[in-house]
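Remarks on the structure that follows.
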Amino acid sequence: MKPRIIQGLVILAWGIQADLIWFAIPITVILEARYFVNRRWALTKQDFYRVADLTSFAMVGMVIFLFLNARTYHFITTLIQWLPILFSPLVIVLAYSTTERMTLDILFYSLRRQREPVQQSWDMDYLLLGMCLLAAGFNTSDHSLFFPLAVIAIFWSLYPLRSSRYQAGVWILAVAVTFISAEFAHQTIRGTHLAIKAKTEQWITNWLMQRTDPLKTRTALGKVGQLKLSDSILFRIETSEGHHFPSLLQEAIYNHPSSGFSMEWDAWETNFNNVTHEDDFTWRFSDRSAEESSAKIYLEFDRERSLVPAPASLSEIHDLPALEVKLNKYGTIQGTGLVPSPSYEIKYALENPISDPPGEIDLFLDETHEKLLSGIVEKGNYPAKKAVAFVQSYFSDFKYSLYQDDQGAKNPLEHFLYTRKAGHCEYFASATTLLLRQMGVPTRYVVGYAVQEYNPTLGMYIVRQRHAHAWTIAHVNNKWIVVDTTPGVWLDEEDDNANPLQPMFDFATNYSFMFRMWWNDQKVEDYELELYIIGGLLLLFLIWRITTSEQVIISGKKSSNTDSRLFGKDSPFYKVEAYLSEEGLRRDRGELLRHWLIRIQKPELLPLLVTHNRWRFDPLSIGSDEKSALNKQVDAWILSQGEQRSEIN
């Protein structure tokens, strides 16, 4: 039975839920109009193959489109919401053809190669109805109407197909219990899922000490062996022509050292304050200056909450797709409610860092570190400039190394300062920060990225994962300055250790990036004429194909298949059941015919039951010869039963 009326209502509901109502209205009108139009087209299987192939091409095109526009459309959600649009042409073609069901070889290309004809088939009306229900459930704004819609649609669709062995009230009660149980199970499972998710996220957050944590970072001090970072590109920076870009981008700032051997740095004050909006996507950090420069950072955030890399002298962020931007007193910037977007713009000045003035915590040293550093310089209040010069001079003989040997039970910072005198940036930054505090200079530990690699093809700076860097900022002459004691050769050594295949990977990723940027700049309005031409040609082809196809006029009488509540109810086997019921061998409610015949010891009727079941349940039914034969066999059996009764009497 066709899901008349309810299918149109579900399609309209899908259109409303998915904001695709202008697609849903014509699909509904066309499908519901078939019940008032008696003209059908005698389409061949090749015609169906062509429509299915066009649907496949449209599916591939949609997948490519969503992949290239992932920042605008959620891939899975949008694909499912658009599925009814893709499959509606197949359903419409089938609805206005002389074929009632669609065989699976039309939908699956691999089945077309079989030698034997494919008999399995689908009712595309129910398939489209299911797709619309599924797509409506992916509405991201309002879920309150989906469950009632699904209940009404499923109930209305299944009610005409219910078993006649049960009263309507019993069937309705069973369906109601099923839906209520499903809703209860859904809410229970969802609640359990959310609770487990919250606990898991909390556990992972406490376990993983990520370097981008705005409150705590764990350094790699004491890690034995080769420290190797990836060559993958994290983001790109496009600067204004002729403008200088800072060589360092800070991501997080810390000021409280731990006393452990595997050193950690904490942010002493954890409060983040909201930055004032200038408009929907613009945040201002300082007063406007005539010396401001601008740049665009091509970084697509993959998390809802993330730190935002920026110069220390940042003055404005523009076009950052976040609900809120927060800033702590040390200058760490955090975006919340972030959504995928290819880039954001920044404005920055040459000076005026956004960090607050120092406090007592910026001079903190525990006894362990004081004792360790006293072998280099005694604790005291030295002139800030002389202290910075001393530290830079002290580390001038140190070497940069990504490899650390086995240090046994020694303090890794002590091993670095007094024995090995070689390490990576985290050693230099930690030691510099502590050593300047030993000399009375307020300092903070900073992590971020070095901006050194320029790509002339893109005209942009490239920042890789191995460009992650750590350094010190010191408060000298009432302003924060960068004190980076890591030997300047560290970038060259990183380049020397790069993957030999890096140029090939860069070529692919850079040109893929350029294509995405070009694609994002394209607008449908730019190709409006071309789209009208293509649409007009397709419409002319459709009109030509319809007018030249063979057409038939169907009878106004309703077929038994669509007029009956029970498909195959004209099977003569029901006369057998009625006869036996009159003889007192009534079948129990819900009892299967096979079990009933075995219980009343009528095995001779089992072969007739096989033919009846094919008539009743096979989508292709049975031929007229088999129907005639079953009629004769039933009549003969009933006649024989009458003769046996006469002989007994």
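Spacing of the modelled spin labels on LEU539 and GLN46, each 7 Å from Cα toward Cβ, amounts to 2.9 nm.
In a Debye calculation with equal point scatterers on the alpha-carbon sites of the range 24-103 and no solvent, what is log10 I(q)/I(0) at q = 0.19, 0.20, 0.21 Å⁻¹? Calculated log10 I(q)/I(0) at the listed q: -0.87, -0.93, -0.98.
Distance between the modelled labels on ASP319 and LYS632, one decimal in nanometres: 8.3 nm (7 Å Cα→Cβ projection).
What shape does the range 568-648 take by its C-alpha gyration tensor, where a ≥ b ≥ c are the square roots of the eigenvalues and a/c under 1.5 counts as rounded, a/b above b/c as prolate, and the rest as oblate? Here the range 568-648 falls in the oblate category. Based on every Cα atom in the range 42-153, Rg and the maximum pairwise Cα distance Dmax equal 16.2, 50 Å.
Placing R0 at 41 angstrom, the Cβ-Cβ distance between SER640 and LEU173 gives a FRET efficiency of 0.45 after rounding to 0.05. Projecting label points 7 angstrom from Cα along Cα→Cβ for ASN69 and ASN273 puts them 4.2 nm apart. By the count of neighbouring beta-carbon atoms within 10 Å, fewest first, ARG113, ARG236, ARG50 end up ordered ARG113, ARG50, ARG236.
Every number here is computed from the coordinates shown, using simple stated rules; none is lab data. Since the structure is predicted, the reported quantities are computational estimates derived from the model, not experimental observations. Positions of Cβ are generated from backbone atoms using ideal geometry, with glycine treated the same way; all protein chains shown enter the neighbour counts.
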